[in-house]
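Trainee: What follows is a single structure, and I will ask about it in a moment.
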């Protein structure tokens, strides 16, 4: 075999090895997180164990109203609250002129009868990881039901439990799973969540403070 051919063969083997390692680094965390989170996800409000809080992660809003993904999460939290499955609701999302998610979520729930005393809002939840870490650090949340779509549930529960929350989830039906692009993005986010949780842990939280409501 000519030297150039041997070099090409070594290059091919190295490339294949790197590709396999990259695939394992992507698929492995997703599979592990899905498996670890499955026992804590529930399909109905009647079946999910009661907790003190419902946590609603933010999503897109438009002209002062939640878009369908976020509205579904808010409806689930409202159902849990009205059924007595939770005592309070924490809404957490962005809060800026372009995306006033926390304000819109709070207003939506207040308009439907949730008392201000039972409604906590966090405008610093720019990512799901921030939502869960801040729920513990700034609001003293120790147990919660996470309200989000099925495709986001494994990652959300993983991050909640990594933050120290005794979390279960109310998994909401969605058509997002039909989008290959969305599933790929969610898979990458899950891999990042795994890496950040184990390679770059969150700093120790300060003592819980009383939230402004």
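Trainee: Would you mind telling me which numbered condition in (1) in contact (Cβ under 8 Å) with a residue 12 or more places away in the chain; (2) closer than 15 Å to residue 155 by Cβ; (3) part of a helix (DSSP H, G or I) residue 59 fails?
Mentor: (3)
Trainee: If residue 129 satisfies every condition in (1) closer than 13 Å to residue 190 by Cβ; (2) without any contact (Cβ under 8 Å) to a residue 60 or more places away in the chain; (3) surrounded by fewer than 24 Cβ atoms within 10 Å (Cβ to Cβ) but one, which is the exception?
Mentor: Looking at each condition in turn, residue 129 falls short on (2).
Trainee: Are any residues in the stretch 76-99 surrounded by fewer than 16 Cβ atoms within 10 Å (Cβ to Cβ) and outside any loop (DSSP other than H, G, I, E, B), and if so, which ones?
Mentor: Taking the stretch 76-99 and keeping what is surrounded by fewer than 16 Cβ atoms within 10 Å (Cβ to Cβ), we get 82-84, 87, 96-98.
Within the stretch 76-99, just 82 meets the criteria.
Trainee: Exactly one condition in (1) under 20 Å from residue 158 (Cα atoms); (2) touching a residue at least 60 places away in the same chain (Cβ under 8 Å); (3) in a helix (DSSP H, G or I) is not met by residue 54; state its number.
Mentor: With (1) under 20 Å from residue 158 (Cα atoms); (2) touching a residue at least 60 places away in the same chain (Cβ under 8 Å); (3) in a helix (DSSP H, G or I) applied to residue 54, the lone miss is (3).
Trainee: Of all residues in the stretch 120-144, count the ones that are outside any helix (DSSP H, G or I) and touching a helix residue (DSSP H, G or I) at 6+ places or on another chain (Cβ under 6 Å).
Mentor: Going residue by residue through the stretch 120-144, those that are outside any helix (DSSP H, G or I) are 120-127, 138-144.
Checking the rest, the ones that are also touching a helix residue (DSSP H, G or I) at 6+ places or on another chain (Cβ under 6 Å) come to 121-125, 141.
Residues flagged as outside any helix (DSSP H, G or I) and touching a helix residue (DSSP H, G or I) at 6+ places or on another chain (Cβ under 6 Å) within the stretch 120-144 amount to 6.
Trainee: Quick check on the stretch 67-74. Is at least one of its residues surrounded by fewer than 17 Cβ atoms within 10 Å (Cβ to Cβ) and modelled with pLDDT under 95?
Mentor: no
The values are calculated or read from the model by the stated rules, or taken from the named source; none is laboratory data. Note that this is a predicted model, so its numbers are computed, not measured. Positions of Cβ are backbone-derived with ideal geometry, glycine not excepted, and every protein chain shown enters the neighbour counts.
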